[in-house]
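What follows is one structure encoded as structure tokens, with my remarks underneath.
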Amino acid sequence: FPHSQIIRVQSPEGVKRITATKRETVATFLKKVAKEFGFRNNGFSVYTNRNRTGEITAAQNKSLNLLKIKHGDMLFLYPSSPAGSSSSETMDTSVSQNSRPGGAPQVVEDEIDQYLIKQDGKIYRNRDQQLCRHGPLGKCVHCVPLEPFDEDYLNHLEPPVKHMSFHAYIRKLTGGADKGKFVALENISCKIKSGCEGHPPWPEGICTKCQPSAITLNRQKYRHVDNIMFENHTIADRFLDFWRKTGNQHLGYLYGRYTEHKDIPLGIRAEVAAIYEPPQIGTQNSLEILEDPKAEVVDEIAAKLGLRKVGWIFTDLVSEDTRKGTVRYSRNKDTYFLSAEECITAGNFQNQQPNICRLSPDGHFGSKFVTVVATGGPDNQVHFEGYQVSNQCMALVRDECLLPCRDAPELGYAKESSSEQYVPDVFYKDIDKFGNEITQLARPLPVEYLIIDITTTFPKDPVYTFSISQNPFPIENRDVLGETQDFHSLATYLSQNTSSIFLDIISDFHLLLFLVTNEVMPLRDSISLLLEAVRTKNEELAQTWKKSEQWATIEQLCSTVGVPLPGLQEYGAMGGSSHAVAAAMWPCQHCTFMNQPGTDHCEMCSLPRS
């Protein structure tokens, strides 16, 4: 058949190949499709594009050649929807293995990614008065818009940008003649592929089909986050207070949001609104993260406040002169910026927070999770340095192939294969003493090949997602400082903050977490209205929640600790019956459990009411 050609048709059932001729009519071709897929006539629709444009119908009465359907083209088949169902949903879930080479699934990307995909992204330039020889409406090489991945433009920015943004990198991949038709962002795997039946399992056997490829480490040309910005100095100062008071290192999780970073084409910024400090053990030169039973609740509350976990921060500070308030400058090009152990920890965090990506067969690629180090700068003042580790480092950490060196923090070590685990060879390129480029085995490995630096900034005009108070509510897990979160500290906080605007008093991230996680009266199931009020800065909603029975009970608990609350009697008149119910309840003097009115013994510890 000299004119035969194969047309690929993708459906929820998979991809099938239909043999046709160039002169074949659309009606004949659709009958072949219906027979191949087992559809009745008019039970499906075929389009030239995945977004359901360019429908092919028998009524067109044209040949495939006239419709410019060529050998190897992909068409998209959508079944007709039964009543009450959506065929688009069916297609979205079914094409997860066949929508692209390698099978990129249909996933819901982050809001910032969806926004940047729709942006032009080009770098527009004004007409050059000296070099441009055309009219005001013309364009030439000196003023034509540049692509967002133009390296010459990025290198001439002040300061120069070493890494293009991730979305600029995607534009570079999809900017060719094929418009990225065959682009698939593959995640690196260091593990033996399962299911190979031609030989015994490792360590008795291995073949080229199941053996992972060797890895040559390259400095990553792009980064998933281009800037880290703390909303205000107070967030960082309160975090540093722990080190100032104890001299021990400290760690916290950054909660915020991802927004557009306009200084870099198609850039992404991680804005930090709060720092949560998990249970930990810190010394002057070490940190140990303990299991956090409240981690899930914190993420849940943050999500209701419009926030998410965007990174982690830790201190590496050594006081140099206490009178001047200076710190030691220890992290630099002569030592290291991140140690191997810190790179492994960052890689582990990034693997836990993957970046959802439509171009990856796995549905995720890389991570937007950032690392911030509070350390001494060249001027011996505290500086905040931002980093990520590369996707190659994430893969080595995920598959447990990378180890730290005990005596050299700036060096990592690629594990050697054992009977329990096969580890592919890991290489990096270096320059020898003669100026020649050589390939070295990553045993040991300079971790600078794994690090991507990110600018960390504070805004000229501070932003406040949460209120700032001169007498803030204590931060969680600081019992070692004598700063505890309990109803006595809550009563003290409320007595010192006498603002008439309830929203200003209650808009404290650590206070909201205490209201939800305290053991006496957790409000996890009844605080959604208050969280919505804080998220939208709606005082009316906050006042509505203030009149609830839950807040009346909280105030009653505070009043039992002996700290007078301003406006409590006035609120009792406003709260009405809710406050009366709370007042009738009584707290146990032994376990502080709130008991129902009319009971003589504590329902928790069974001791008599005293």
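The values are calculated or read from the model by the stated rules, or taken from the named source; none is laboratory data. Here the structure is a predicted model, which is why all the values come from computation and not from measurement. Cβ coordinates were reconstructed from backbone atoms using ideal geometry, including for glycine residues, and neighbour counts include every protein chain displayed. Surface areas here come from the heavy atoms of the whole protein model, side chains and all, with no ligands, DNA or RNA. Shrake-Rupley method; radii C 1.70, N 1.55, O 1.52, S 1.80 Å.
From the list Gln280, Gln350, which residue is open to solvent by 10 Å² or more (accessible area, probe 1.4 Å) and either at pLDDT 95 or above or not assigned by the TED database to the domain that holds Ser526 (or both)?
Gln280
Would you call Gly135 open to solvent by less than 50 Å² (accessible area, probe 1.4 Å) and either touching a His at 6+ places or on another chain (Cβ under 8 Å) or farther than 26 Å from Leu359 by Cα (or both)?
yes
Any idea which residue in region 8-30 is most open to solvent (accessible area, probe 1.4 Å), counting only those that are under 20 Å from Arg52 (Cα atoms) and out of contact with any Lys or Arg (no Cβ under 9 Å at 6 or more places or on another chain)?
By that ranking, first place goes to Glu13.
Residues that are more than 18 Å from Phe384 (Cβ to Cβ) and outside any helix (DSSP H, G or I): does region 340-353 have at least one?
The answer is yes; a qualifying residue exists.
In region 54-105, what count of residues is obtained for those that are modelled with pLDDT of 80 or more and either assigned to a loop (DSSP other than H, G, I, E, B) or open to solvent by 40 Å² or more (accessible area, probe 1.4 Å) (or both)?
Qualifying residue count for the region: 14.
Hey, among Ile505, Ile501, which residue is out of contact with any Gly (no Cβ under 9 Å at 6 or more places or on another chain), modelled with pLDDT under 90, among the β-branched types (Val, Ile, Thr) and more than 30 Å from Arg223 (Cα to Cα)?
So the residue among Ile505, Ile501 that is out of contact with any Gly (no Cβ under 9 Å at 6 or more places or on another chain), modelled with pLDDT under 90, among the β-branched types (Val, Ile, Thr) and more than 30 Å from Arg223 (Cα to Cα) is Ile501.
Starting from region 544-556, keep only residues that are free of Cβ contacts under 8 Å to residues at least 12 places away in the same chain and outside the structural domain of Met521 (by the TED database), then list their pairs with residues that are outside any helix (DSSP H, G or I) and surrounded by fewer than 21 Cβ atoms within 10 Å (Cβ to Cβ) whose Cβ atoms are within a distance under 6 Å, requiring at least 6 positions of separation or different chains.
Going by the 6 Å Cβ cut-off, there are no qualifying pairs.
Looking at region 117-131, can you tell me whether even one residue there is within 30 Å of Gly386 (Cα to Cα) and assigned to a helix (DSSP H, G or I)?
Yes: region 117-131 contains one or more residues that are within 30 Å of Gly386 (Cα to Cα) and assigned to a helix (DSSP H, G or I).
Criterion first (open to solvent by 50 Å² or more (accessible area, probe 1.4 Å) and over 28 Å from the mean Cα position of the chain (by Cα)) does Asp425 satisfy it?
Considered against the rule, which asks whether it is open to solvent by 50 Å² or more (accessible area, probe 1.4 Å) and over 28 Å from the mean Cα position of the chain (by Cα), Asp425 comes out as yes.
Inspect region 462-475 for any residue being closer than 26 Å to Asn285 by Cβ, in contact with a Gly (Cβ under 6 Å, 6 or more places away or on another chain) and crowded, with 20+ Cβ neighbours inside 10 Å and give the result as yes or no.
No.
Criterion first (outside the structural domain of Asn232 (by the TED database), within 30 Å of Ala395 (Cα to Cα) and either over 25 Å from the mean Cα position of the chain (by Cα) or buried (at least 18 other Cβ atoms within 10 Å of the Cβ) (or both)) does Glu437 satisfy it?
yes
Could you tell me which of the residues Cys207, Cys196, Cys190 is in contact with a His (Cβ under 8 Å, 6 or more places away or on another chain) and either assigned to a loop (DSSP other than H, G, I, E, B) or over 30 Å from Pro265 (Cα atoms) (or both)?
Cys207
Residues that are touching a residue at least 24 places away in the same chain (Cβ under 8 Å), aromatic (Phe, Trp, Tyr) and farther than 16 Å from Thr517 by Cα: find the strands (runs of 3 or more DSSP E) completely inside region 284-333 holding 2 or more of those.
Where strands (runs of 3 or more DSSP E) fall fully within region 284-333 and carry at least 2 residues being touching a residue at least 24 places away in the same chain (Cβ under 8 Å), aromatic (Phe, Trp, Tyr) and farther than 16 Å from Thr517 by Cα, they are 308-316.
Just name the residue that is most open to solvent (accessible area, probe 1.4 Å) out of those in region 496-524 that are touching a residue at least 60 places away in the same chain (Cβ under 8 Å) and farther than 20 Å from Ser467 by Cα.
It comes out as Arg524.
Please state which one of Ser390, Ser360 is open to solvent by less than 60 Å² (accessible area, probe 1.4 Å), in contact with a helix residue (DSSP H, G or I) (Cβ under 8 Å, 6 or more places away or on another chain), in contact (Cβ under 8 Å) with a residue 60 or more places away in the chain and under 25 Å from His224 (Cβ atoms).
So the residue among Ser390, Ser360 that is open to solvent by less than 60 Å² (accessible area, probe 1.4 Å), in contact with a helix residue (DSSP H, G or I) (Cβ under 8 Å, 6 or more places away or on another chain), in contact (Cβ under 8 Å) with a residue 60 or more places away in the chain and under 25 Å from His224 (Cβ atoms) is Ser390.
Is it true that some residue in region 274-283 is under 19 Å from the mean Cα position of the chain (by Cα) and among the aliphatic types (A, V, I, L, M)?
Taking every residue of region 274-283 in turn, at least one turns out to be under 19 Å from the mean Cα position of the chain (by Cα) and among the aliphatic types (A, V, I, L, M).
With respect to Leu185, is the statement that it is aliphatic (A, V, I, L, M), in contact with a Ser or Thr (Cβ under 6 Å, 6 or more places away or on another chain) and touching a residue at least 60 places away in the same chain (Cβ under 8 Å) true?
yes
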